[in-house]
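What follows draws every value from the coordinates through simple rules; no lab data is involved. Here the structure is a predicted model, which is why all the values come from computation and not from measurement. All Cβ positions, even for glycine, are placed from backbone atoms using ideal geometry, and neighbour counts span all protein chains on display.
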Amino acid sequence: MSSPGSAAVPESGATAPAAVALDGVTKVHGRGSAAVLALDNLTLDVPPGEFVCLVGASGCGKSTLLSLVAGLDKPTSGRIAVAGDRPPALMFQEPALFPWSTVAGNVGLPLRLRGIRRAERRVRVAELLAAVHLAEFAKRRPHELSGGMRHRVALARTLGLDSPVLLMDEPFGALDAMTRDLLHDELERLWQRRGLTVLFVTHNVREAARLGDRIVLLSSRPGRVSYETRVTVPRPRRIDSPQVAEVAARVTDRLRAEVGRHGQ
Amino acid sequence: MANDVAGLRTVAGLARDAGAGTALSGLDALELAARQHDRSRPARLWASAWPKLAALALVVGVWQAFVSARVKPDYVLPGPLAVGAELCDQLHRQQLWQGVALTGRRALVGYAVAVTVGLLLGPAVARVRVLRAALGSMITSLQTMPSIAWFPLAILLFQLNEKAIFFVVVLGAAPSIANGVISGVDYIPPLLLRAGRNVGAHGVSLYRYVIAPAALPAIVAGLKQGWAFAWRSLMAGELLVTSLGHTSLGAQLTYARETRDAEWLLSTMIVILMLGLVVDGVFGAADRAIRSRWGVADQPH
């Protein structure tokens with residue numbers, strides 16, 4: 001049941017193939033009278049290297065969308081294509097580190113599971129930890145670190161999957177503002193340096209305007225793309241700059257209008 | 001012109017990188033500064049030892065008070081000093097060490113088999129739905145069964161011999177160990193399983209790298225409880241099955257009672273208690289090591 005427009009356009013267009021392509025994706029949770037339409041015929045193309053922020057009020061299916069792209073769940077209908085031979089890497093709101101293992105053990109696990117040998121693994125782990133400024137904490141255990149440091153370990157572990165696509169589900173939602181700002185800088189730097197494609201879910205519109213090349217606003221119940229805007233503020237950006245605030249205000253107005261629709 | 005702007009931007013970016021790195025290190029240092037422990041090792045040892053010594057002194061004091069009050073005659077309830085002298089005497093004799101060796105061997109063999117059974121049964125019941133439906137509640141009910149209640153059946157099956165003791169020790173300990181594994185697997189936070197799958201652990205590797213280490217604290221608790229049951233079952237068995245010779249610790253208790261040698265009886269009881277404490281200490285150390293690795297032992301010991 002794809003729309004006639006998308007069916008007519010051949011895949012080999014002038015643009016490069018998308019890193020993540022969602023085509024008419026619909027997801028229904030539950031069945032029968034209890035069925036809830038979480039995502040309704042959602043179509044979204046993310047070109048390689050783009051940083052896309054998904055924002056929306058609760059119930060817009062943001063997390064459902066990420067689970068689908070990550071392959072943890074299957075769409076009820078529609079197609080999802082992810083470029084590359086590796087499954088996309090997913091990062092949660094909680095760092096979800098393994099408490100029995102050291103920082104190096106946590107970061108090394110994805111490498112180990114791919115069969116990378118010890119000597120090479122050690123080098124790669126050191127690189128990944130250096131990338132998140134935690135080189136000297138390799139032997140520590142997760143509980144010895146602060147919240148922000150745990151998130152950086154989780155980020156290093158996720159980067160260790162060597163996936164070109166990074167999915168982030170409100171990854172910094174539980175952090176204090178100062179730590180979050182610093183992690184924004186870190187993430188932006190790693191994204192640029194590694195040429196990643198990022199799909200970043202957040203309910204914080206300012207965060208979206210600080211980080212995204214593009215902001216996609218999802219409507220609630222059912223989730224559809226209700227508004228899209230390109231963020232043209234030059235990088236590096238600051239979350240407190242007037243340009244970022246201006247973009248955020250524009251998106252917030254749309255978001256309020258969208259939420260208000262449910263009150264009527 | 002465009003190149004210049006891009007160049008400037010890279011320089012600014014690098015400067016910001018360094019800035020962010022420095023700021024992060026500063027933040028890290030600030031947040032970690034409050035977490036240092038500052039007590040020396042002897043101080044910690046003393047802090048953990050003195051309450052135990054005080055409790056021991058209290059028990060000995062109460063015991064002596066009863067003896068001094070002549071609640072019971074001397075030959076029934078001897079005082080701590082007489083029992084202590086008997087214990088020192090026993091420590092120089094073969095008989096006690098033979099008892100320790102025999103009882104210890106039975107305990108180790110029975111416990112080892114119980115551990116094997118528990119560690120095989122536990123994961124299977126925890127992860128296979130049919131097995132859980134069939135065996136889950138049975139394991140729990142086996143665990144509540146006092147092991148001494150198995151002895152009449154064991155004696156019918158195997159007569160009064162080593163096998164009867166072995167049977168009851170294994171039956172007493174294995175359900176606890178299996179239950180430890182099951183509850184350990186049940187209480188793994190789903191988030192850790194998701195994280196494990198997300199970093200590429202599936203099937204056997206999920207067990208090896210996520211489920212087993214995540215369940216380890218509960219498994220150790222189950223092993224500890226299993227040991228307690230094995231030790232109790234063994235003592236009960238040795239009290240009942242005495243025809244095998246006089247040397248096991250349980251048999252020595254029985255013979256001490258039959259010969260009305262209260263000093264021998266009490267000193268043997270002290271040996272049994274000490275052995276139990278030593279093994280408990282080993283499990284306690286394992287438990288503390290795990291908790292400090294996991295960071296759930298922040299309160300000072």
Original post:
Using the 10 angstrom Cβ neighbour count as an exposure proxy, how do B:S248, B:S48, A:S241, B:S267 rank, fewest first?
Top reply: B:S48, A:S241, B:S267, B:S248
Original post:
Can you give the mean number of other chain Cβ atoms that lie within 10 Å of the Cβ atoms in peptide A:157-167?
Top reply: 1
Original post:
Each label point is 7 Å from the Cα along the Cα-to-Cβ direction; what then is the distance between the points at B:V128 and B:A49, in nm?
Top reply: 5.1
**OP:** Would you calculate a helix-derived [θ] at 222 nm for the protein assembly as shown, using -39,500 (n - 2.57) for each DSSP H run of n ≥ 4 and dividing by the full residue count, to the nearest 500?
**Re:** -20000 deg cm²/dmol
Original post:
Using r as the Cβ-Cβ distance of A:A135 and B:A286, and R0 as 25 Å, what FRET efficiency do you calculate, to the nearest 0.05?
Top reply: 0.20
Original post:
Looking only at other chains, what is the average number of their beta-carbon atoms within 10 angstrom of each beta-carbon in A:69-76?
Top reply: 1
Subject >> Fewest-first ranking of B:I155, B:I165, using other Cβ atoms within 10 Å as the exposure measure >> reply: B:I155, B:I165
Subject >> Under-22-angstrom lysine pairs by C-alpha in the protein assembly as shown, whenever the two are 8 or more apart or on separate chains >> reply: 4
Subject >> Ordering of B:114-120, A:84-90, A:228-234 by packing [mean C-beta count within 10 Å, highest first] >> reply: B:114-120, A:84-90, A:228-234
Original post:
Rg and Dmax of chain A over Cα atoms: what are they, in angstrom?
Top reply: 19.1, 62
Subject >> region A:100-175 - percent relative contact order, Cα under 8 Å, separation 6 or more >> reply: 41
Original post:
How long is region B:82-293 along each principal axis, judged by its Cα atoms, biggest number first, in Å?
Top reply: 67, 41, 21
**OP:** Sort A:M149, B:M138 so the one with the fewest other Cβ atoms within 10 Å of its own Cβ comes first.
**Re:** B:M138, A:M149
Original post:
Restricting attention to the alpha-carbon atoms of region A:74-181, what are Rg (one decimal) and Dmax (integer), both in Å?
Top reply: 14.8, 48
Original post:
Other chains' Cβ within 10 Å of B:209-221 residues: what's the mean?
Top reply: 2
